[in-house]
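Everything on this sheet refers to the single structure shown next.
Any read-out appearing in this document is the output of simple, stated calculations on the displayed coordinates, not a laboratory observation. In this text the structure is predicted, and so the values were computed from the model without any measurement. A quick note on method: Cβ atoms are made from the backbone with ideal geometry, for glycine too, and the neighbour counts reach across all protein chains shown.
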Amino acid sequence: VSKPHVNAGDDVELVARACRGDQAAFDELVHRHQAAVRRAALSAVGSPADADDVAQEAFLLAYQRLRSFRGDATFRTWMLTITWNQAMNHRRKFGRWWRRFVSVETEDGAPFETTRFASTAGTPEEIAVRGQMLDAIRDAIRALPRPLRDTLLLAQSGEYTYDEIGAMVKSKTGTIKWRVSEARRLVKQHLAARGHK
Amino acid sequence: MTNEPLDPIDSVIDDVANAMTAAPPDARFAMRVSARIAEAGDRPAPWLRLWIVVPMASACALALAVFVFVGRPFQGRQGGDESPAPQATSVERAAQGRHGGAERPAPQTARLPELPPATIEPIEVDRLDIQPLVQIADIPIGAIAIDRIEITAMP
C-alpha cells in the first residue's frame, strides 16, 4: 500500500528550520506532503473543494503547532493525523459528506468513475453492463458504514501504509485490515444482490 | 496489501475506491497554504480579536462593578461605626501578649440592631366538622323464589 516517500530524517531537519522561522523549510514540507494530505482529506469529505479547504486548514494548524511536534512519529504521520482530525471536524460541522460525494464530477461534467473506467472494448451491451457494474460498486462503497468506507478509501488510495491509516483513524493495524476485507465483502454482497457477478 | 489471492472483482472494487479519492495535482496549493500562513501571521492572536476582547472586557467591568457595589455598604458600616471597640477578653489579652499583640489593632465587631421580642398569637379553632368520606347506602336483597326442584334419579 505504501508509496516511497521522502526521508523522514530530512523532515525533522525541515521542521527544526521551520521552527526557527524559516518559511521556505515549511513550504518544502507542504510540497512534500500535500498529495498525501489532500487525498486523506478527499477520502473523508468527498468533495475536492472541501478537501482543499481541509488540507489548507491542516497545514495551517500544523504550522501553528509545529513546536509541539516531538518526533515520536514521523512528520508525515503527525501531519496525516492532524488532517484526519480536521476532516472529521469538517464532516461534523457541515454534515454534507454524502451529498457532496454524490456530486463529484470531472472537469467535463461526467461522473469521474465512469470516465476513468470507460472502455470501448466489447459490444455496446458489454460496455453498458460494465458501466452499470462500476456504478453499482461506487454506490455500494458509498453505502458502506463510515468506518469501513473511510478505511477502504484510504487503503485503496495507495498513499498510506496500514500503520499510517491506523494512526489516522485511531485503530489497530489488524482492525484496519479486517475493515478493508469486510468492506470488500459487503460491496460484493451488494453487487450479487443486484445480479452482478 | 494482504498475501491472500484476490477475487477478480476485488481488484475492480479497489480500482473504483482508488478513483473515488484521486485528486489531480494542484501547483498552486503550496502557494495558497503560504498565503494562509502569512494571513494568519498578520492577524492578531485569537485572544486579541475584537469579538473576544469586547465581551471579556465587559464581563470584567461588570464583575468589578458588582464587587464594588456589594462591598460598599459593608465598608460603610465598618467605617461609620464609631462605637468603641469591645474590651478584649483575658484569653485575647494573653494571645496578644504572646504575639506582640500591642501592635495589633483591636478586632472590630458590627453590632446587630436590637429586635423586639417575638410574640406568637394562639390560633383559635371553634369546631372541626369532619364529614365521612364514603356513605354506604342500604343494599336491598330480595328473596329468591324457587317453585320446585326436580331431581332425577341417577343411573
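If we count every other residue with Cβ under 11 angstrom of residue A:88's Cβ, Lys/Arg +1 and Asp/Glu -1, where does the sum land?
Numbers: positive: A:91, A:92, A:93, A:146, A:170; negative: A:150.
In short, +4.
Under the 0.36 nm per residue contour assumption, what length would be gained going from the current alpha-carbon distance of residue B:136 and residue B:119 to full extension? Present the calculation step by step, with values, prior to reporting the outcome.
On the way: separation 17, 0.36 × 17 = 6.12 nm, distance 4.74 nm.
Difference between extended and current length: 1.4 nm.
Let me check I've understood the local charge: for residue A:30, count other residues with C-beta under 11 angstrom from its C-beta, Lys and Arg +1, Asp and Glu -1. What total comes out? Don't skip to the end; give the middle numbers.
Values: positive: A:32, A:38, B:32, B:36; negative: A:27, A:28.
Its environment carries a net charge of +2.
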* To do: Determine ³J(HN,Hα), in whole Hz, for all residues of segment B:59-68 in sequence, where each value follows from phi through the Karplus function 6.51 cos²θ - 1.76 cosθ + 1.60 and θ = phi - 60°; x replaces Gly and Pro.
  => 4, 5, 4, 5, 4, 5, 5, 4, 4, 5
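Taking Cα pairs under 8 Å and at least six residues apart, what relative contact order does segment A:14-81 come out at, in percent? Walk me through the numbers on the way to the answer.
Numbers: 43 pairs, mean separation 19.9, N = 68.
Relative CO of segment A:14-81 lands at 29 percent.
Sorted from fewest to most neighbouring beta carbons within 10 Å, what does the list A:196, A:90, A:31 look like? Intermediate results must be reported in sequence, preceding the final value.
Numbers: A:196 18, A:90 22, A:31 13.
So the residues, fewest neighbours to most, are A:31, A:196, A:90.
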